[in-house]
Every structure is written in C-alpha cells, then in structure tokens.
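Written out below as structure tokens is the structure these notes cover.
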Amino acid sequence: MSVTYIALDGDNVGKRLEYLCFTNDVSQLRNFSIAFSKKMNWLRDELVSRFNADVIIDGGDNLMISLTQPERMGEFLNTLSEVFSDFQTVGNTLSAGIGDSPRDAFIALNFAKSSGKDCIKIYGDYTDNGS
C-alpha cells in the first residue's frame, strides 16, 4: 500500500501576526488568530473525516498528513483557495506540497511557496506552469 504525504502551510500568516503585534491592535490580532485557527482546524477535520488522513503535524498554520487513497484528494485540494478566500485580501492564502515521503512533501511545499504561494506542487514537478 503506497502512502502519499501532503504538507500545507499558511502563506504570510507569520508576517500578518507580526504586523498586528507591531500595531498593538489586540482585537484584530485575536480575531485573525482565531479565524485562521478555525479554518486550519476545519481543514484538518475534513481531511480526517472525508479521506481518513493520518495527521502528522498540526500546529499553527502548518499541517502534514498522510493518505493511503490520495486519488480522492485532487478535487478537494483544488477548492482550498475558495475555503481560505476570506484571508486573501490581506495576503494570507494556503500552499501545499505533495510527495511520497514527509521530506518530498516538504520540498514540494517549499517549491510552491517560492513559486508565488497559493498553489499546490507535486514533488519532482519543478516546472512553472503559472499556478
């Protein structure tokens, strides 16, 4: 049985939190943190309930899962931009990397983030197709 790993990371979330700390806007800081955490928790719960994902990392704006039936994931992953769309106005989106090991998924995630963020990359596919 093959296993696929998916690494997800919020884009620019740390920078947004830093900005809100610098401005001393406790209310916005709290609201952003709660709202983004709710989205990440929802995402984790969906992946576990719908795809029987095994959660490896779950913290802050980071999530890594493993799947034994990744073919069911494609359409769902493509909807993530819509799910996180309410954060796009402040530059907070979600990037993902997919691979056959945690390391491969992490490398693909880093390629996604260096390719402009808000996209999904598969390990070994290092072409820039504008997504």
Legend entry - Ellipsoid equivalent to the stretch 4-122 - semi-axes via the Cα gyration tensor, in Å: 25, 15, 12
Inset, instruction - Tell me the label-point distance for the pair residue 44, residue 3, using the 7 Å Cα-to-Cβ offset, in nm and rounded to one decimal. - result: 1.9
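Sorted by mean Cβ packing within 10 Å, highest first, what order do the peptides 17-29, 47-59 take? Intermediate values should be presented prior to the final figure.
Details: 17-29: 12.3, 47-59: 14.2.
Taking the mean over residues of other Cβ atoms within 10 Å, the ranking is 47-59, 17-29.
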Legend entry - Other-chain or far-sequence residues with amide H under 5 Å of residue 116's (modelled H): none
Inset, instruction - Work out the FRET efficiency for residue 30 and residue 100 from their Cβ-Cβ distance, taking R0 = 35 Å, and round it to the nearest 0.05. - result: 0.35
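Efficiency by 1/(1 + (r/R0)^6): what FRET value for residue 68 and residue 22, r their Cβ-Cβ distance, R0 = 35 Å, to the nearest 0.05?
FRET efficiency, residue 68 to residue 22: 0.20.
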Legend entry - Environment charge of residue 10, counting only residues whose C-beta is closer than 12 Å and scoring Lys/Arg +1, Asp/Glu -1: +1
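Read the figures in this text as sums done on the coordinates, not as results from a lab. These numbers come from a predicted model, not from an experiment. Reconstructed Cβ throughout: ideal geometry from the backbone, glycine too, with neighbour counts over all protein chains shown.
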